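Structure, as C-alpha coordinates:
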Amino acid sequence: MTTAEAFQQNVLPTYGRFPLVPVRGAGCRLWDETGKSYLDFCTGIAVCSLGHCHPRLVEAIRKQAGELMHVSNLYQIPQQAELAKEINEHHVKLPGKIFFSNSGAEANDGLIKSARRFGHKRPQADGSPRYEVLTFQQSFHGRTLGSMAATGQAKIQEGFDPLLPGFRYLPYNDIAALENAVRPETAAILLEPIQGEGGVNTATREFMRAVADLCKKHDLLLLFDEVQTGFGRCGDSMAWRMTAPEIQPDGISWAKGMGGGVPIGAFWLSDRSIDDEGTALSSLLGPGSHGSTYGGNPLVCAAALAVVQEIREKDLAMNAILQEVRIRSTIESWNLPVVTEIRGKGLLLGIGLDPARIPTPVGKTPALVVVSALMERGLLVPPAGPNTIRLLPPLNVTDSEIDEALAHLFAVLSGF
(Lines give C-alpha, C1' and ligand atoms only; values in the text may rest on other atoms or scores of the structure.)
Protein backbone atom coordinates (compact mmCIF):
# COMPACT_ATOMS: atom_id res chain seq x y z
CA MET A 1 0.00 0.00 0.00
CA THR A 2 1.37 3.42 -0.94
CA THR A 3 1.45 6.35 1.46
CA ALA A 4 -1.27 8.07 -0.57
CA GLU A 5 -3.49 4.98 -0.36
CA ALA A 6 -2.92 4.66 3.39
CA PHE A 7 -3.93 8.29 3.84
CA GLN A 8 -7.06 7.85 1.75
CA GLN A 9 -8.18 4.83 3.75
CA ASN A 10 -7.18 5.84 7.27
CA VAL A 11 -6.71 9.60 7.74
CA LEU A 12 -9.42 12.24 7.90
CA PRO A 13 -9.26 14.41 4.75
CA THR A 14 -8.87 17.70 6.61
CA TYR A 15 -5.93 18.84 4.47
CA GLY A 16 -5.53 19.27 0.74
CA ARG A 17 -2.18 17.48 0.65
CA PHE A 18 0.45 17.85 -2.06
CA PRO A 19 1.80 14.63 -3.63
CA LEU A 20 5.03 14.82 -1.64
CA VAL A 21 6.19 12.19 0.86
CA PRO A 22 9.07 13.64 2.92
CA VAL A 23 11.30 11.10 4.69
CA ARG A 24 14.46 12.97 5.75
CA GLY A 25 15.62 16.49 6.46
CA ALA A 26 18.89 18.28 7.20
CA GLY A 27 19.20 22.02 7.58
CA CYS A 28 17.33 23.74 4.77
CA ARG A 29 17.01 20.49 2.75
CA LEU A 30 14.21 17.95 2.62
CA TRP A 31 14.22 14.61 0.77
CA ASP A 32 11.20 12.66 -0.42
CA GLU A 33 10.74 8.89 -0.68
CA THR A 34 12.17 8.87 -4.21
CA GLY A 35 15.38 10.57 -3.06
CA LYS A 36 14.57 13.93 -4.64
CA SER A 37 15.99 16.90 -2.74
CA TYR A 38 14.05 20.09 -2.02
CA LEU A 39 15.03 23.48 -0.66
CA ASP A 40 12.53 23.93 2.17
CA PHE A 41 11.19 27.48 2.43
CA CYS A 42 8.00 26.24 4.11
CA THR A 43 9.68 24.70 7.19
CA GLY A 44 6.47 23.23 8.56
CA ILE A 45 4.84 26.66 8.05
CA ALA A 46 7.36 28.70 10.06
CA VAL A 47 7.97 25.92 12.60
CA CYS A 48 11.50 24.64 11.92
CA SER A 49 13.29 27.84 12.92
CA LEU A 50 16.71 26.15 12.83
CA GLY A 51 15.97 23.97 9.81
CA HIS A 52 15.66 20.21 9.98
CA CYS A 53 17.49 18.13 12.61
CA HIS A 54 19.67 20.94 13.96
CA PRO A 55 22.40 19.33 16.10
CA ARG A 56 21.66 21.42 19.19
CA LEU A 57 17.95 20.60 19.07
CA VAL A 58 18.54 16.91 18.34
CA GLU A 59 20.98 16.63 21.25
CA ALA A 60 18.60 18.42 23.65
CA ILE A 61 15.78 16.02 22.74
CA ARG A 62 18.05 12.95 22.93
CA LYS A 63 19.47 13.93 26.32
CA GLN A 64 16.11 14.81 27.88
CA ALA A 65 14.40 11.72 26.46
CA GLY A 66 16.96 9.61 28.30
CA GLU A 67 16.28 11.33 31.63
CA LEU A 68 12.59 12.28 31.90
CA MET A 69 10.07 12.88 29.12
CA HIS A 70 6.86 13.63 30.97
CA VAL A 71 5.63 14.40 34.45
CA SER A 72 2.40 16.00 35.59
CA ASN A 73 2.02 19.73 36.03
CA LEU A 74 1.00 18.87 39.58
CA TYR A 75 4.75 19.08 40.19
CA GLN A 76 7.39 21.74 39.58
CA ILE A 77 9.14 21.01 36.27
CA PRO A 78 12.62 22.60 36.19
CA GLN A 79 12.86 22.71 32.39
CA GLN A 80 9.56 24.64 32.29
CA ALA A 81 10.80 27.19 34.80
CA GLU A 82 14.08 27.60 32.90
CA LEU A 83 12.31 28.11 29.57
CA ALA A 84 9.89 30.65 31.08
CA LYS A 85 12.83 32.56 32.58
CA GLU A 86 14.64 32.61 29.23
CA ILE A 87 11.57 33.93 27.43
CA ASN A 88 10.74 36.56 30.04
CA GLU A 89 14.25 37.93 30.46
CA HIS A 90 15.62 37.74 26.92
CA HIS A 91 12.66 37.77 24.54
CA VAL A 92 9.62 39.55 26.02
CA LYS A 93 11.80 41.68 28.32
CA LEU A 94 8.78 42.70 30.40
CA PRO A 95 7.58 41.40 33.80
CA GLY A 96 5.03 38.66 33.31
CA LYS A 97 4.24 34.96 33.60
CA ILE A 98 3.82 32.15 31.08
CA PHE A 99 1.52 29.17 30.59
CA PHE A 100 2.72 26.37 28.30
CA SER A 101 0.34 24.59 25.92
CA ASN A 102 0.68 22.28 22.92
CA SER A 103 -0.24 24.59 20.04
CA GLY A 104 -0.93 28.13 18.94
CA ALA A 105 -4.69 27.58 18.91
CA GLU A 106 -4.55 26.50 22.55
CA ALA A 107 -2.37 29.50 23.38
CA ASN A 108 -4.95 31.82 21.83
CA ASP A 109 -7.73 30.06 23.72
CA GLY A 110 -5.75 30.91 26.85
CA LEU A 111 -5.67 34.58 25.88
CA ILE A 112 -9.42 34.51 25.24
CA LYS A 113 -10.04 32.97 28.66
CA SER A 114 -7.76 35.58 30.21
CA ALA A 115 -9.78 38.37 28.56
CA ARG A 116 -13.00 36.94 29.97
CA ARG A 117 -11.53 36.56 33.44
CA PHE A 118 -10.33 40.18 33.20
CA GLY A 119 -13.83 41.22 32.13
CA HIS A 120 -15.24 39.70 35.32
CA LYS A 121 -12.64 41.44 37.45
CA ARG A 122 -13.15 44.75 35.62
CA PRO A 123 -16.88 44.63 34.71
CA GLN A 124 -19.21 47.08 33.00
CA ALA A 125 -20.67 50.03 34.90
CA ASP A 126 -23.78 48.00 35.79
CA GLY A 127 -21.68 45.18 37.20
CA SER A 128 -22.18 42.70 34.35
CA PRO A 129 -18.96 41.16 33.03
CA ARG A 130 -17.19 42.32 29.92
CA TYR A 131 -16.48 39.47 27.52
CA GLU A 132 -16.06 40.72 23.95
CA VAL A 133 -12.76 40.43 22.10
CA LEU A 134 -12.23 42.56 18.99
CA THR A 135 -10.23 40.87 16.24
CA PHE A 136 -9.65 41.67 12.56
CA GLN A 137 -10.75 40.59 9.13
CA GLN A 138 -8.38 38.09 7.47
CA SER A 139 -6.94 37.16 10.85
CA PHE A 140 -6.16 33.58 11.78
CA HIS A 141 -6.00 32.44 15.40
CA GLY A 142 -6.54 28.67 15.15
CA ARG A 143 -9.16 25.98 14.61
CA THR A 144 -10.43 25.13 18.09
CA LEU A 145 -13.95 26.42 18.74
CA GLY A 146 -12.60 29.41 20.66
CA SER A 147 -9.73 30.39 18.37
CA MET A 148 -11.86 29.73 15.28
CA ALA A 149 -14.53 32.09 16.59
CA ALA A 150 -11.82 34.72 17.03
CA THR A 151 -10.65 34.27 13.43
CA GLY A 152 -11.96 36.86 10.99
CA GLN A 153 -12.39 34.51 8.02
CA ALA A 154 -15.83 33.07 7.19
CA LYS A 155 -14.36 30.13 5.24
CA ILE A 156 -12.68 28.88 8.43
CA GLN A 157 -15.97 28.97 10.34
CA GLU A 158 -18.32 27.58 7.69
CA GLY A 159 -20.36 24.61 8.90
CA PHE A 160 -19.48 24.95 12.59
CA ASP A 161 -22.37 27.12 13.81
CA PRO A 162 -23.19 28.20 16.40
CA LEU A 163 -19.85 29.84 17.04
CA LEU A 164 -18.67 30.91 20.48
CA PRO A 165 -20.15 34.39 20.94
CA GLY A 166 -18.21 37.46 21.94
CA PHE A 167 -16.16 38.42 18.89
CA ARG A 168 -16.36 41.14 16.25
CA TYR A 169 -14.09 41.52 13.23
CA LEU A 170 -12.79 44.93 12.21
CA PRO A 171 -10.92 46.02 9.07
CA TYR A 172 -7.17 45.60 9.56
CA ASN A 173 -5.19 48.86 9.58
CA ASP A 174 -8.40 50.93 9.66
CA ILE A 175 -8.02 53.40 12.53
CA ALA A 176 -11.41 55.07 12.01
CA ALA A 177 -13.27 51.76 12.23
CA LEU A 178 -11.26 50.85 15.32
CA GLU A 179 -12.08 54.05 17.22
CA ASN A 180 -15.82 53.53 16.77
CA ALA A 181 -15.83 49.85 17.67
CA VAL A 182 -15.59 49.72 21.48
CA ARG A 183 -18.79 48.79 23.32
CA PRO A 184 -19.51 48.47 27.07
CA GLU A 185 -18.99 44.70 26.86
CA THR A 186 -15.62 44.93 25.08
CA ALA A 187 -12.74 43.54 27.16
CA ALA A 188 -9.79 43.11 24.79
CA ILE A 189 -8.29 43.54 21.32
CA LEU A 190 -6.43 40.61 19.77
CA LEU A 191 -4.29 41.06 16.66
CA GLU A 192 -1.39 39.64 14.72
CA PRO A 193 1.43 42.14 14.11
CA ILE A 194 1.64 40.48 10.69
CA GLN A 195 -1.26 38.39 9.41
CA GLY A 196 0.42 35.23 8.12
CA GLU A 197 -2.42 33.03 6.90
CA GLY A 198 -4.49 36.04 5.86
CA GLY A 199 -2.06 37.09 3.12
CA VAL A 200 1.03 38.41 4.96
CA ASN A 201 -0.45 41.79 5.86
CA THR A 202 1.63 44.02 8.15
CA ALA A 203 0.09 46.33 10.74
CA THR A 204 1.20 49.91 10.26
CA ARG A 205 2.92 51.80 13.07
CA GLU A 206 0.03 54.26 13.24
CA PHE A 207 -2.50 51.44 13.53
CA MET A 208 -0.55 49.62 16.25
CA ARG A 209 -0.25 52.82 18.25
CA ALA A 210 -3.96 53.54 17.79
CA VAL A 211 -4.81 50.06 19.11
CA ALA A 212 -2.58 50.55 22.14
CA ASP A 213 -4.01 54.00 22.86
CA LEU A 214 -7.57 52.73 22.58
CA CYS A 215 -6.84 49.90 25.02
CA LYS A 216 -5.52 52.37 27.57
CA LYS A 217 -8.45 54.74 27.06
CA HIS A 218 -11.12 52.07 27.55
CA ASP A 219 -9.33 49.73 30.00
CA LEU A 220 -9.00 46.91 27.46
CA LEU A 221 -6.39 44.18 27.26
CA LEU A 222 -3.93 44.46 24.36
CA LEU A 223 -3.23 40.93 23.12
CA PHE A 224 -0.73 39.98 20.40
CA ASP A 225 -0.89 36.71 18.47
CA GLU A 226 2.79 36.01 17.74
CA VAL A 227 2.24 32.34 16.89
CA GLN A 228 3.77 32.70 13.41
CA THR A 229 5.75 35.90 13.89
CA GLY A 230 7.54 35.37 17.21
CA PHE A 231 11.08 34.36 18.17
CA GLY A 232 13.12 36.03 15.46
CA ARG A 233 11.01 35.29 12.40
CA CYS A 234 10.34 38.97 11.66
CA GLY A 235 13.67 40.49 12.74
CA ASP A 236 13.15 40.66 16.51
CA SER A 237 12.25 38.18 19.20
CA MET A 238 8.80 39.78 19.22
CA ALA A 239 7.38 41.07 15.94
CA TRP A 240 5.43 43.94 17.50
CA ARG A 241 8.74 45.61 18.41
CA MET A 242 9.69 45.80 14.72
CA THR A 243 6.75 48.16 14.19
CA ALA A 244 6.09 49.93 17.50
CA PRO A 245 8.76 49.07 20.10
CA GLU A 246 7.33 51.41 22.72
CA ILE A 247 4.13 49.36 23.09
CA GLN A 248 3.76 47.09 26.11
CA PRO A 249 1.16 44.36 25.52
CA ASP A 250 -0.92 42.66 28.19
CA GLY A 251 -0.76 39.21 26.63
CA ILE A 252 1.12 37.34 23.91
CA SER A 253 0.61 33.91 22.32
CA TRP A 254 3.30 31.78 20.67
CA ALA A 255 3.87 28.36 19.12
CA LYS A 256 5.37 27.29 15.76
CA GLY A 257 8.98 28.46 15.69
CA MET A 258 9.58 28.37 19.45
CA GLY A 259 9.85 24.57 19.41
CA GLY A 260 11.68 24.01 16.15
CA GLY A 261 9.42 21.03 15.40
CA VAL A 262 8.25 19.76 18.78
CA PRO A 263 4.60 20.53 19.65
CA ILE A 264 4.70 23.41 22.09
CA GLY A 265 2.77 26.66 22.47
CA ALA A 266 2.56 29.26 25.21
CA PHE A 267 0.89 32.46 26.27
CA TRP A 268 2.24 35.25 28.44
CA LEU A 269 0.36 37.62 30.73
CA SER A 270 1.77 40.87 32.09
CA ASP A 271 2.42 41.42 35.77
CA ARG A 272 0.99 44.93 35.52
CA SER A 273 -1.55 46.03 38.10
CA ILE A 274 -5.15 46.23 36.87
CA ASP A 275 -6.76 47.94 39.88
CA ASP A 276 -6.09 50.15 42.89
CA GLU A 277 -5.50 47.10 45.08
CA GLY A 278 -2.45 46.10 43.02
CA THR A 279 -3.97 42.98 41.49
CA ALA A 280 -1.61 41.67 38.80
CA LEU A 281 -3.16 40.66 35.50
CA SER A 282 -1.04 37.50 35.61
CA SER A 283 -2.67 36.51 38.91
CA LEU A 284 -6.18 36.15 37.44
CA LEU A 285 -5.60 32.59 36.22
CA GLY A 286 -5.08 30.79 39.51
CA PRO A 287 -5.21 27.08 40.41
CA GLY A 288 -8.05 25.30 38.64
CA SER A 289 -8.67 28.07 36.10
CA HIS A 290 -6.62 26.60 33.23
CA GLY A 291 -4.57 23.51 32.52
CA SER A 292 -2.93 21.13 30.04
CA THR A 293 -1.87 17.53 30.54
CA TYR A 294 1.13 17.72 28.22
CA GLY A 295 1.77 21.45 28.20
CA GLY A 296 5.30 22.32 29.26
CA ASN A 297 6.53 18.80 29.92
CA PRO A 298 10.29 18.24 30.34
CA LEU A 299 10.88 16.97 26.79
CA VAL A 300 9.26 19.83 24.87
CA CYS A 301 10.65 22.49 27.21
CA ALA A 302 14.20 21.18 26.86
CA ALA A 303 13.77 21.26 23.08
CA ALA A 304 12.27 24.75 22.99
CA LEU A 305 14.94 26.09 25.32
CA ALA A 306 17.63 24.87 22.92
CA VAL A 307 15.82 26.56 20.02
CA VAL A 308 15.21 29.97 21.57
CA GLN A 309 18.70 30.10 23.05
CA GLU A 310 20.23 29.27 19.67
CA ILE A 311 18.16 32.02 18.05
CA ARG A 312 19.31 34.52 20.67
CA GLU A 313 22.95 33.51 20.95
CA LYS A 314 23.51 33.36 17.18
CA ASP A 315 21.46 36.55 16.60
CA LEU A 316 19.36 34.82 13.96
CA ALA A 317 16.82 37.65 14.07
CA MET A 318 19.48 39.85 12.49
CA ASN A 319 20.03 37.25 9.79
CA ALA A 320 16.29 37.45 9.08
CA ILE A 321 16.62 41.20 8.53
CA LEU A 322 19.67 40.86 6.29
CA GLN A 323 18.11 38.13 4.19
CA GLU A 324 14.90 40.14 3.81
CA VAL A 325 16.94 42.93 2.21
CA ARG A 326 18.59 40.41 -0.10
CA ILE A 327 15.25 38.87 -1.12
CA ARG A 328 13.41 42.16 -1.61
CA SER A 329 16.13 43.86 -3.64
CA THR A 330 16.53 40.86 -5.93
CA ILE A 331 12.82 40.33 -6.63
CA GLU A 332 12.25 44.05 -7.16
CA SER A 333 15.14 44.13 -9.65
CA TRP A 334 13.35 41.56 -11.80
CA ASN A 335 10.46 43.97 -12.42
CA LEU A 336 8.13 41.09 -13.27
CA PRO A 337 4.50 42.09 -14.03
CA VAL A 338 3.15 38.99 -12.25
CA VAL A 339 4.58 40.20 -8.91
CA THR A 340 2.31 42.88 -7.45
CA GLU A 341 4.19 43.51 -4.18
CA ILE A 342 6.31 41.99 -1.41
CA ARG A 343 4.74 42.13 2.03
CA GLY A 344 5.91 41.23 5.51
CA LYS A 345 9.09 41.54 7.54
CA GLY A 346 12.23 39.48 8.08
CA LEU A 347 11.70 35.92 6.91
CA LEU A 348 7.92 36.06 6.92
CA LEU A 349 7.48 37.42 3.41
CA GLY A 350 4.54 37.25 1.05
CA ILE A 351 4.86 37.65 -2.70
CA GLY A 352 1.64 39.05 -4.11
CA LEU A 353 0.63 37.63 -7.50
CA ASP A 354 -1.43 39.16 -10.30
CA PRO A 355 -4.14 36.51 -10.89
CA ALA A 356 -4.88 37.84 -14.37
CA ARG A 357 -1.43 36.70 -15.54
CA ILE A 358 -1.58 33.12 -14.21
CA PRO A 359 -3.62 30.50 -16.09
CA THR A 360 -5.55 28.79 -13.32
CA PRO A 361 -7.33 25.42 -13.70
CA VAL A 362 -10.71 24.89 -12.06
CA GLY A 363 -10.29 24.08 -8.39
CA LYS A 364 -6.91 25.77 -8.05
CA THR A 365 -5.85 29.28 -7.09
CA PRO A 366 -3.03 31.29 -8.70
CA ALA A 367 -0.97 30.75 -5.55
CA LEU A 368 -1.39 26.96 -5.77
CA VAL A 369 -0.36 27.00 -9.44
CA VAL A 370 2.88 28.77 -8.52
CA VAL A 371 3.48 26.60 -5.43
CA SER A 372 3.11 23.43 -7.53
CA ALA A 373 5.47 24.73 -10.22
CA LEU A 374 8.09 25.62 -7.61
CA MET A 375 7.76 22.18 -6.03
CA GLU A 376 8.48 20.57 -9.40
CA ARG A 377 11.71 22.57 -9.52
CA GLY A 378 12.66 21.61 -5.96
CA LEU A 379 11.58 24.62 -3.88
CA LEU A 380 8.91 24.24 -1.20
CA VAL A 381 6.81 27.30 -0.28
CA PRO A 382 3.28 27.53 1.15
CA PRO A 383 0.42 29.71 -0.11
CA ALA A 384 -1.11 32.51 1.98
CA GLY A 385 -4.53 32.99 0.48
CA PRO A 386 -5.42 32.70 -3.21
CA ASN A 387 -2.98 35.25 -4.62
CA THR A 388 0.06 35.17 -2.32
CA ILE A 389 2.93 32.75 -1.75
CA ARG A 390 5.00 32.81 1.43
CA LEU A 391 8.73 32.55 1.97
CA LEU A 392 9.44 30.96 5.38
CA PRO A 393 13.01 29.63 5.33
CA PRO A 394 14.91 28.70 8.49
CA LEU A 395 16.25 31.69 10.42
CA ASN A 396 19.80 30.39 9.85
CA VAL A 397 19.35 30.21 6.07
CA THR A 398 22.54 31.05 4.16
CA ASP A 399 23.22 33.48 1.33
CA SER A 400 23.74 30.62 -1.10
CA GLU A 401 20.44 28.99 -0.13
CA ILE A 402 18.63 32.29 -0.60
CA ASP A 403 20.26 32.69 -4.03
CA GLU A 404 19.25 29.16 -5.02
CA ALA A 405 15.64 29.80 -3.97
CA LEU A 406 15.57 33.09 -5.85
CA ALA A 407 16.79 31.34 -8.99
CA HIS A 408 13.86 28.91 -8.76
CA LEU A 409 11.44 31.79 -8.14
CA PHE A 410 12.67 33.72 -11.14
CA ALA A 411 12.48 30.68 -13.39
CA VAL A 412 8.82 30.09 -12.47
CA LEU A 413 7.52 33.65 -12.13
CA SER A 414 9.18 34.90 -15.32
CA GLY A 415 7.11 32.34 -17.22
CA PHE A 416 3.83 34.16 -16.49
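Quick one: in region 179-214, which of the residues that are in contact with a Pro (Cβ under 9 Å, 6 or more places away or on another chain) and hydrophobic (A, V, I, L, M, F, W, C) is surrounded by the most Cβ atoms within 10 Å (Cβ to Cβ)?
Ranking the candidates gives Ala187 first.
Tally time: how many residues in region 40-63 are under 26 Å from the mean Cα position of the chain (by Cα) and part of a helix (DSSP H, G or I)? It would help to see each step written out before you state the result.
Initial filter on region 40-63 (under 26 Å from the mean Cα position of the chain (by Cα)): 40-61.
So of that shortlist, the ones also part of a helix (DSSP H, G or I) come out as 43-46, 55-61.
Counting residues in region 40-63 that are under 26 Å from the mean Cα position of the chain (by Cα) and part of a helix (DSSP H, G or I) gives 11.
Going residue by residue through region 22-36, is there one that turns out to be in contact (Cβ under 8 Å) with a residue 40 or more places away in the chain, under 23 Å from the mean Cα position of the chain (by Cα) and within 15 Å of Thr398 (Cα to Cα)? Write out each step before concluding.
Initial filter on region 22-36 (in contact (Cβ under 8 Å) with a residue 40 or more places away in the chain): 27-28, 30, 36.
Going one step further and asking which of them are under 23 Å from the mean Cα position of the chain (by Cα), we end up with 27-28, 30.
In the following step, the residues that additionally are within 15 Å of Thr398 (Cα to Cα) were identified as 27-28.
Yes.
Could you tell me how many of the residues in region 92-126 are within 16 Å of His290 (Cβ to Cβ) and assigned to a loop (DSSP other than H, G, I, E, B)?
Residues in region 92-126 being within 16 Å of His290 (Cβ to Cβ) and assigned to a loop (DSSP other than H, G, I, E, B): 2 in total.
Counting residues that are assigned by TED's automatic domain parsing to the domain that holds Ile98 and more than 24 Å from Asp271 (Cβ to Cβ), which strands (runs of 3 or more DSSP E) fully inside region 127-226 reach at least 3?
Numbers: elements: 132-136, 167-170, 186-191, 221-225.
Qualifying strands (runs of 3 or more DSSP E): 132-136, 167-170.
Regarding Ala384, is this residue without any contact (Cβ under 8 Å) to a residue 40 or more places away in the chain and surrounded by 17 or more Cβ atoms within 10 Å (Cβ to Cβ)?
On the way: without any contact (Cβ under 8 Å) to a residue 40 or more places away in the chain: no; surrounded by 17 or more Cβ atoms within 10 Å (Cβ to Cβ): yes.
No, not satisfied.
Evaluate region 255-270: report whether one residue or more is modelled with pLDDT of 95 or more and over 15 Å from the mean Cα position of the chain (by Cα).
Step one: filter region 255-270 for residues modelled with pLDDT of 95 or more, giving 255-270.
Next cut, over 15 Å from the mean Cα position of the chain (by Cα) only: 269-270.
Checking region 255-270: at least one residue is modelled with pLDDT of 95 or more and over 15 Å from the mean Cα position of the chain (by Cα).
Looking for something under 27 Å from Arg272 (Cβ atoms), touching a helix residue (DSSP H, G or I) at 6+ places or on another chain (Cβ under 7 Å) and of a type in the set (A, V, I, L, M, F, W, C) - is there at least one such residue anywhere in region 193-204?
yes
Is there a residue in region 198-219 that is touching a Gly at 6+ places or on another chain (Cβ under 8 Å) and within 21 Å of Gly146 (Cβ to Cβ)?
yes
Being assigned by TED's automatic domain parsing to the domain that holds Ala244, of a type in the set (D, E, K, R) and over 27 Å from Lys256 (Cβ atoms): is that true of Asp271 here?
For Asp271, the condition - assigned by TED's automatic domain parsing to the domain that holds Ala244, of a type in the set (D, E, K, R) and over 27 Å from Lys256 (Cβ atoms) - is not met.
The values are calculated or read from the model by the stated rules, or taken from the named source; none is laboratory data. Given the structure is predicted, the values throughout are model-derived calculations rather than measurements. Ideal geometry is used to build each Cβ from the backbone, glycine not excepted, and the neighbour counts take in all protein chains shown.
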